[in-house]
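**Student:** After the structure tokens below, expect a handful of questions from me.
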Amino acid sequence: MRTTDVLVVGAGPTGLALACGLLSQGASVRVVDRAAGPATTSRANFLHARGSEVLNRLGALGTLPSEALKAMTITTYVGNRPVARLRFGDVGMRTAAPPMLISQARVEAALRARLARLGGQPEWATPLLDASQDADGVTAVLGDGQPVRARWLVGCDGTASTTRELSGIGFPGTRVSERFLLADVHLDWDLDRTGTTGWVHRDGMVGAMPMPMPEPGGPDDLWRILAYDPGEHDGKPTERQILDRVQEILSERTGHSTGPIRGATWASAFSVHRRLADSYRRGRMLLVGDAAHAHAPFGGQGMLTGLGDAENLAWKLALVVSGQARDSLLDTYQSERRPLAAKVLRGSTATTRVNIASGPVGRFLRDRMVVPLLNVSAIQRWATYSTSQLWVSYRRGPLADSGERGGLPSGWPGGRRGRRPRAGDRIADLACLRADGTPSRLHAEFGAHWALLIPAGAADACLATARRWLGERVTPLRRASGSPEVGGLDDTEPDDVGLDDVVLVRPDAHVAWRGEADSAGLERWLRNALVGEERPTR
Ligand SMILES: Cc1cc2nc3c(=O)[nH]c(=O)nc-3n(C[C@H](O)[C@H](O)[C@H](O)COP(=O)(O)OP(=O)(O)OC[C@H]3O[C@@H](n4cnc5c(N)ncnc54)[C@H](O)[C@@H]3O)c2cc1C
């Protein structure tokens with residue numbers, strides 16, 4: 001029987017990201033997918049800043065920022081009158097990677113290329129059919145009928161997840177909307193291609209987003225049209241019926257004349273559901289991405305949240321697989337990520353309800369109050385910030401516990417009351433110096449590594465402690481004074497990481513522990529986080 005440390009089911013963005021993270025941190029991985037090959041159409045088109053950061057840390061960002069469309073505005077019309085222009089700007093949180101208007105297919109291709117460089121590749125036409133688990137692992141049956149033995153099985157297999165079903169994890173939720181139509185179409189019209197355009201209309205909203213050409217050098221005429229089309233409908237529409245209806249809606253609701261739809265790369269009809277898995281783990285089976293949470297597309301949060309899940313789980317599972325941590329560390333994956341998904345689902349549900357409001361009060365509030373507010377620069381900053389997910393913090397999670405587990409006095413999160421970033425917070429992309437004195441940026445140093453910010457001269461004991469628990473994948477760095485310009489970022493935003501602070505940063509750029517050069521405190525945090533009171537055995 002073939003064996004592997006981790007069987008990743010699903011080669012969508014989250015499965016690929018997880019596999020890259022695991023392989024780069026030393027675990028053996030198989031990635032299987034039931035599809036015959038990579039998807040050529042894209043559901044997601046927008047990746048907010050945190051998603052770009054994850055790709056960057058995984059080594060998969062590559063040329064995506066230069067390929068992305070520079071179309072970071074949303075202009076909203078009521079009738080044919082533009083009433084608001086929302087600009088997604090600089091998040092102001094010193095990110096090394098910008099938000100991108102880029103197709104999901106390109107993101108997946110970049111992840112596959114990274115996976116190949118790490119020695120992995122998805123096995124297509126290989127569905128997971130069955131799985132049973134015992135104390136030591138999971139025996140899975142794939143499409144070829146051959147059993148596979150894995151120490152862990154992770155379902156990255158989307159909203160209809162087979163893994164979730166086989167592990168018996170519930171997926172409660174509710175339907176949020178009636179029918180939406182989506183069509184990626186070739187179309188001539190006089191619409192601005194430097195941003196997305198939306199129309200609020202009493203019969204339902206319509207959105208038009210410019211899309212990059214699938215083939216380089218082709219005409220610049222591909223648009224994604226998303227239209228709300230509630231009411232009675234018989235069965236599942238054909239592609240022709242969707243395109244005809246979309247053409248009708250464009251002329252009825254946008255006030256812009258368009259040419260005829262010349263062709264489509266994708267057409268789909270769906271209703272929005274909001275669902276959250278009861279649990280992210282059952283024994284040796286775990287869920288990541290859409291398998292764990294189903295989103296409305298509004299706000300572009302689905303793939304973004306899935307990539308964050310994958311990065312969070314990858315370093316934990318790699319430590320468990322290598323015997324450096326007990327499997328209780330995996331429970332912190334759910335504790336950190338499920339509350340975030342619940343919050344994101346509340347936000348995307350609320351956005352959907354505003355978009356589809358059809359009663360007179362709802363329409364009045366949306367058209368006269370919410371939409372005009374989008375012109376206010378403070379609201380624009382808030383929208384950029386809240387969709388970016390750079391604010392995500394695990395401060396309330398078990399690994400940031402400042403009392404029993406961390407061994408730090410309670411009320412002193414991360415060892416220092418009120419100083420940010422605290423334990424659990426994302427750390428910004430700070431200027432720092434490598435051990436040999438060369439200037440760098442913190443986020444350039446992660447990859448499969450932990451970072452240890454240490455003051456000059458106090459390095460040895462802390463570094464030795466971190467390496468005793470985490471092995472050689474700990475990079476010592478010094479916080480740089482001044483502002484070396486690396487990657488075009490300036491260092492004007494204040495933070496509270498001083499030259500004398502010791503900060504251990506996880507591979508996902510969240511603060512694990514911070515304090516003074518006191519190796520006993522660091523040791524306590526590592527022991528409690530990784531194994532409780534005992535050292536692990538393989
Ligand atoms: C219209 C629309 C627009 C969207 N826009 C955005 C956006 O702008 N930004 C954003 O962040 N998100 C967006 N999303 C959400 C995003 O597309 C999803 O969140 C994302 O695809 C989830 O990735 P995943 O890897 O978890 O699952 P999926 O992409 O669904 O991948 C699951 C994979 O598992 C495979 N699989 C399924 N069952 C099995 C099995 N039994 N065995 C083996 N393989 C299996 C499938 O073939 C598939 O390849 C949008 C979604 C929609 C519908």
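The values are calculated or read from the model by the stated rules, or taken from the named source; none is laboratory data. Every value quoted in this text rests on a predicted model; they were computed, and no experiment measured them. Virtual Cβ from ideal backbone geometry, glycine too; neighbours counted across all protein chains shown. Just so you know, the surface numbers come from the protein's heavy atoms only, side chains and all, with ligands and any DNA or RNA stripped out. Shrake-Rupley method; radii C 1.70, N 1.55, O 1.52, S 1.80 Å.
**Student:** Which residue pairs have Cβ atoms under 6 Å apart, sit 6 or more places apart or on different chains, and have a first residue in the stretch 143-162 that is under 18 Å from R284 (Cα atoms) and in a strand (DSSP E or B) and a second that is near the ligand (Cβ under 7 Å from one of its atoms) and not polar (S, T, N, Q)?
**Tutor:** Short answer, once both residue conditions are applied: V154/V288; G155/V9; G155/A291.
**Student:** Do we find that L187 is within 12 Å of the ligand (Cβ to nearest atom) and of a type outside the set (S, T, N, Q) in this structure? Break it down into steps so the answer makes sense when it comes.
**Tutor:** Values: within 12 Å of the ligand (Cβ to nearest atom): no; of a type outside the set (S, T, N, Q): yes.
Criteria not met by L187.
**Student:** For the stretch 134-147, which positions are open to solvent by 70 Å² or more (accessible area, probe 1.4 Å) and of a type in the set (S, T, N, Q)?
**Tutor:** We begin by selecting, within the stretch 134-147, every residue open to solvent by 70 Å² or more (accessible area, probe 1.4 Å); these are 134-136, 144, 146.
Passing the criteria: only Q146.
**Student:** Checking the structure you have, find out if any residue of the stretch 103-113 is more than 19 Å from L23 (Cβ to Cβ) and buried (at least 22 other Cβ atoms within 10 Å of the Cβ). Don't jump to the end; show me each part of the working.
**Tutor:** Here is the first cut: in the stretch 103-113, the ones more than 19 Å from L23 (Cβ to Cβ) are 103-106.
Applying the additional criterion that residues be buried (at least 22 other Cβ atoms within 10 Å of the Cβ) yields 103.
Taking every residue of the stretch 103-113 in turn, at least one turns out to be more than 19 Å from L23 (Cβ to Cβ) and buried (at least 22 other Cβ atoms within 10 Å of the Cβ).
**Student:** Could you look through the stretch 273-282, keep only residues that are open to solvent by 60 Å² or more (accessible area, probe 1.4 Å) and touching a Pro at 6+ places or on another chain (Cβ under 8 Å), and pick out the one that is nearest to the ligand (Cβ to nearest atom)? Walk me through it before giving the result.
**Tutor:** Pass one, the stretch 273-282, residues open to solvent by 60 Å² or more (accessible area, probe 1.4 Å): 273-275, 278, 282.
Filter again for touching a Pro at 6+ places or on another chain (Cβ under 8 Å), leaving 275, 278.
Numbers: R275: 12, D278: 17 Å.
That would be R275.
**Student:** Could you say whether any residue in the stretch 255-272 is surrounded by 23 or more Cβ atoms within 10 Å (Cβ to Cβ), part of a strand (DSSP E or B) and modelled with pLDDT of 95 or more?
**Tutor:** Within the stretch 255-272 (the criterion being surrounded by 23 or more Cβ atoms within 10 Å (Cβ to Cβ), part of a strand (DSSP E or B) and modelled with pLDDT of 95 or more), the answer is no, since none of the residues qualifies.
**Student:** Still on this model: Exactly one condition in (1) crowded, with 23+ Cβ neighbours inside 10 Å; (2) more than 14 Å from the ligand (Cβ to nearest atom) is false for S322; which is it?
**Tutor:** (1)
**Student:** Among the residues in the stretch 230-250, are any within 16 Å of the ligand (Cβ to nearest atom), more than 15 Å from I261 (Cβ to Cβ), assigned to a loop (DSSP other than H, G, I, E, B) and over 29 Å from the mean Cα position of the chain (by Cα)?
**Tutor:** yes
**Student:** When you scan the stretch 339-359, do you find a residue that is touching a Pro at 6+ places or on another chain (Cβ under 8 Å), outside any helix (DSSP H, G or I) and at pLDDT below 95, even just one?
**Tutor:** Yes.
**Student:** Scanning for something surrounded by fewer than 21 Cβ atoms within 10 Å (Cβ to Cβ), more than 20 Å from A509 (Cα to Cα) and more than 7 Å from the ligand (Cβ to nearest atom), does the stretch 20-33 turn up at least one residue?
**Tutor:** yes
**Student:** In the stretch 283-294, which residues are away from the ligand (no atom under 12 Å from the Cβ) and open to solvent by less than 10 Å² (accessible area, probe 1.4 Å)? Steps first, answer last, please.
**Tutor:** Of all residues in the stretch 283-294, those away from the ligand (no atom under 12 Å from the Cβ) come to 283-286.
Hits for the stretch 283-294 are M285, L286.
**Student:** Please determine whether any residue of the stretch 45-66 is open to solvent by less than 50 Å² (accessible area, probe 1.4 Å), more than 15 Å from the ligand (Cβ to nearest atom) and farther than 23 Å from G119 by Cβ. Walk me through how you get there before you give the answer.
**Tutor:** Restricting attention to the stretch 45-66, the residues satisfying the condition of being open to solvent by less than 50 Å² (accessible area, probe 1.4 Å) are 45-55, 57-61, 64-65.
Checking the rest, the ones that are also more than 15 Å from the ligand (Cβ to nearest atom) come to 57, 59, 61, 65.
Keeping just the survivors that are farther than 23 Å from G119 by Cβ gives 65.
So far as the stretch 45-66 goes, yes, one or more of its residues are open to solvent by less than 50 Å² (accessible area, probe 1.4 Å), more than 15 Å from the ligand (Cβ to nearest atom) and farther than 23 Å from G119 by Cβ.
**Student:** May I pose another question? Pick out the one residue from T14, T40 that is β-branched (V, I, T), open to solvent by 50 Å² or more (accessible area, probe 1.4 Å) and within 14 Å of the ligand (Cβ to nearest atom). I'd like the intermediate steps shown before the answer.
**Tutor:** On the way: T14 fails: open to solvent by 50 Å² or more (accessible area, probe 1.4 Å).
Of T14, T40, the one residue that is β-branched (V, I, T), open to solvent by 50 Å² or more (accessible area, probe 1.4 Å) and within 14 Å of the ligand (Cβ to nearest atom) is T40.
**Student:** Specify which of the listed residues (A131, A140, A150) is more than 13 Å from the ligand (Cβ to nearest atom) and over 25 Å from the mean Cα position of the chain (by Cα). Can you show your working first?
**Tutor:** On the way: A131 fails: more than 13 Å from the ligand (Cβ to nearest atom); A140 fails: more than 13 Å from the ligand (Cβ to nearest atom).
So the residue among A131, A140, A150 that is more than 13 Å from the ligand (Cβ to nearest atom) and over 25 Å from the mean Cα position of the chain (by Cα) is A150.
Each row is one residue, and each column tells you yes or no for (1) modelled with pLDDT under 90; (2) buried (at least 16 other Cβ atoms within 10 Å of the Cβ).
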position	(1), (2)
E445	no, yes
A458	yes, no
T465	no, yes
T475	no, yes
S481	yes, no
V486	yes, yes
D491	yes, yes
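**Student:** Follow-up question, since we're still on this one. All but one of (1) within 16 Å of the ligand (Cβ to nearest atom); (2) in contact with a helix residue (DSSP H, G or I) (Cβ under 6 Å, 6 or more places away or on another chain); (3) over 30 Å from G231 (Cα atoms) hold for L329; which doesn't?
**Tutor:** (1)
**Student:** Return the residue satisfying two criteria in turn: it lies in the stretch 295-319 and is among the hydrophobic types (A, V, I, L, M, F, W, C) and open to solvent by 10 Å² or more (accessible area, probe 1.4 Å), and of such residues it is farthest from the ligand (Cβ to nearest atom). Talk me through it step by step, then tell me what you get.
**Tutor:** Residues of the stretch 295-319 among the hydrophobic types (A, V, I, L, M, F, W, C): 296, 298, 303-304, 307, 310, 313-315, 317-319.
Still in the running and open to solvent by 10 Å² or more (accessible area, probe 1.4 Å): 298, 303, 319.
Details: F298: 9, M303: 3, L319: 23 Å.
Across the stretch 295-319, the extreme among qualifying residues is L319.
**Student:** Considering P212, P219, which residue is in a loop (DSSP other than H, G, I, E, B) and either free of Cβ contacts under 8 Å to residues at least 40 places away in the same chain or within 15 Å of T258 (Cα to Cα) (or both)?
**Tutor:** On the way: P212 fails: either free of Cβ contacts under 8 Å to residues at least 40 places away in the same chain or within 15 Å of T258 (Cα to Cα) (or both).
Being in a loop (DSSP other than H, G, I, E, B) and either free of Cβ contacts under 8 Å to residues at least 40 places away in the same chain or within 15 Å of T258 (Cα to Cα) (or both) holds for just one of P212, P219, which is P219.
**Student:** For the stretch 304-315, check the following and say yes or no: at least one residue is among the small types (G, A, S) and outside any helix (DSSP H, G or I).
**Tutor:** Start the filter on the stretch 304-315 by keeping residues that are among the small types (G, A, S), which leaves 306, 308, 310, 314.
Keeping just the survivors that are outside any helix (DSSP H, G or I) gives none.
Checked the stretch 304-315: no residue is among the small types (G, A, S) and outside any helix (DSSP H, G or I).
**Student:** Find all pairs meeting these conditions: Cβ atoms under 7 angstrom apart; at least six residues apart or on different chains; first residue within the stretch 432-459 and under 15 Å from V474 (Cα atoms); second residue surrounded by fewer than 16 Cβ atoms within 10 Å (Cβ to Cβ).
**Tutor:** L433/P439
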